[in-house]
1. Please determine, in degrees from 0 to 90 and to the nearest 10, the orientation of helix 283-292 with respect to the longest principal axis defined by the Cα atoms of the chain, where the helix direction is its Cα long axis.
2. Defining a contact as two alpha carbons under 8 Å apart and six or more residues distant in sequence, what relative contact order in percent does the chain show?
3. Calculate, in nm to one decimal, what Thr136 and Ile328 gain on full extension: separation in residues at 0.36 nm each, minus their alpha carbon distance.
4. Less than 14 Å apart at the alpha-carbon level, and either on another chain or at least 8 residues along: which aspartates and glutamates does that give for Lys292?
5. About the Cα centre of the chain, how large is the charge dipole given +1 on each Lys and Arg Cβ and -1 on each Asp and Glu Cβ? Please answer in debye to the nearest 20.
6. Enumerate the amide H contacts of Ser325 below 5 Å, restricted to partners 5 or more residues apart or on another chain; note that Pro and chain-start residues carry no placed amide H.
7. Where in the stretch 52-115 are there trypsin sites (Lys or Arg not before Pro) that are in a DSSP coil and have at most 13 other Cβ atoms within 10 angstrom of their Cβ?
8. Go ahead and estimate [θ] at 222 nm for the chain from helices alone: -39,500 (n - 2.57) per DSSP H run with n ≥ 4, summed, over the residue count, rounded to 500.
Amino acid sequence: MGIAISGKTIPECIARHAEQDPDAHCLSIFHRGQWQRVSRSQFQDAVERHASRFSTAFEPGELVLFIKRLDLDALAAYIGAMQAGVLPAMLSPTSSKLSVEEYRRKLEHVLELTRAGGIFADSDAVIAPAAVTFLTPDTPMAESPCTSRSPIPQALVQFSSGSTGLQKGVVLTHQNVIAHMEDYTASIELSAEDTIISWLPLYHDMGLIACYLMPLMSGVPVMLMDPFDWILKPDLLLETIARDRPTLCYLPNFAYHVLVNKGKERDLSSVRLFVNCSEPARDLTHRAFRDKFPSVHPAALAVCYALAENTFAVSQTLPNAPESSRRIADKVVPSCGQVLPRTEVRILEPNEDGVGEIALRGPYLFSHYLGSDLPPEQDFYRTGDLGLLTEDGQLFVTGRKKDLIIANGKNIYPQDVEQVCSIQPGVYPGRAVAFGVTNETAGSEELYVIVERDGSLEDLPLKLAVQKSIENEVGIVPKRVEVVDHMRLVKTSSGKISRSRNKELYLLGELR
């Protein structure tokens, strides 16, 4: 049975499912150590309540930052804000990943960028500036009798990951999101028999669009856990899959290695698609995952290429399609699947291997960036990613144009270096960064690498092992390998390593 996306706005699409089957399972939230089940009518009642409060507190079109840990209030208020004609934007809450100074710097940048009129948060989450309305789920206020306003074209703001710099606010319309849902649900063959499970943060496009708005808008149940709960106990995801039998799970590449290292072998055969997205997928990663969890069918390991500016997915490997890869410039690159319908992709300025900058256009492409009324270029939007497009419409992504390191004439993708570091014994998975530093005397860049230790090896043998693994992978010995304590490197809100910020801190002497 197929899925129908019906409505002119995101809240309208969600509300129609509550009208059709109010007692059906809408979502489950892992909160305070247990799963809380919420029906469609219960969720819609919470949406209406928050829509009323947002109508009272904010003007139509006003932007509100959501800086809140996961619970029913956070989920329902986000939809309620849209219903009230308010523009919501998810931002990561405070965490041990970021120092107080880094978080303050990021929040100040976002407030300056967005000129937000309000913050919705837990009472102790942030200290709101005096000029910003601070709203919590318990803030006493009179509720407006009108819980809905005439919809505005803009639906929400997503922040780009900021892996190569400070975040940008990406403005999406209701039309962008609905068009994307229509095509993407068809590409993964989403049906009423599916259930999605996710620990992904809602301040990242994969978590927000694929694992929250998509199931709500399509009427498919979703099981959500807070990223902090997953970090503390990665096996919780596997335990829940084995018990409750969901069918779709989205993960960034590094998370597969975390599950291999910290998860127990369980029956994961119910999952028809594990979708590898957010960072470059690796053949080695999928092989390690299959070896640890033999109940996973090889065809269940899917790959998606996505970015916030395109709402979410640009391409997706099709269900039950065999894994496909291609050797490009001496490395094996997995296919990111077929380009979605109505999305046009061009490869700009391709080299002799056919690799160039990925550019795209289509109905899912964002309206504009916050702070600018200018829409994307009328022709094709340049993503800054490098890739190859085959004649049959398969997209292969090789790296980031801005992050490319050119050392002695050799092109090095930092993702390749970081990946081989992340699976090196002694390195904490997903906690490595590579960047180029210009040597004016040599007239070239030199490769610098920083890894976080997991405590199982002494620093000197760890450095030597990392150097050797990098040389085997990319053919160059790094100029320097630094070993730092766990949680020392700065990540973006979506969990990606921020190369530009870590390079900046390293050159200032603050990471050594």
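Here, each number is a calculation from the coordinates, and none is a lab measurement. Values in this document were obtained by computation on a predicted structure and should not be read as measured data. So basically every Cβ, Gly included, is an ideal-geometry build from the backbone, and we count neighbours across all protein chains shown.
1. Computed tilt is about 70 degrees.
2. Relative contact order here is 12 percent.
3. Taking Thr136 through Ile328 to full extension adds about 64.0 nm, to one decimal.
4. Within reach: Asp235, Glu265, Asp267.
5. Numbers: 51 positive and 64 negative charges, 134 e Å.
Dipole about the Cα centre, nearest 20: 640 debye.
6. Ser335
7. Here the trypsin sites (Lys or Arg not before Pro) that fit, given the DSSP loop and packing criteria, are Arg115.
8. -8500 deg cm²/dmol
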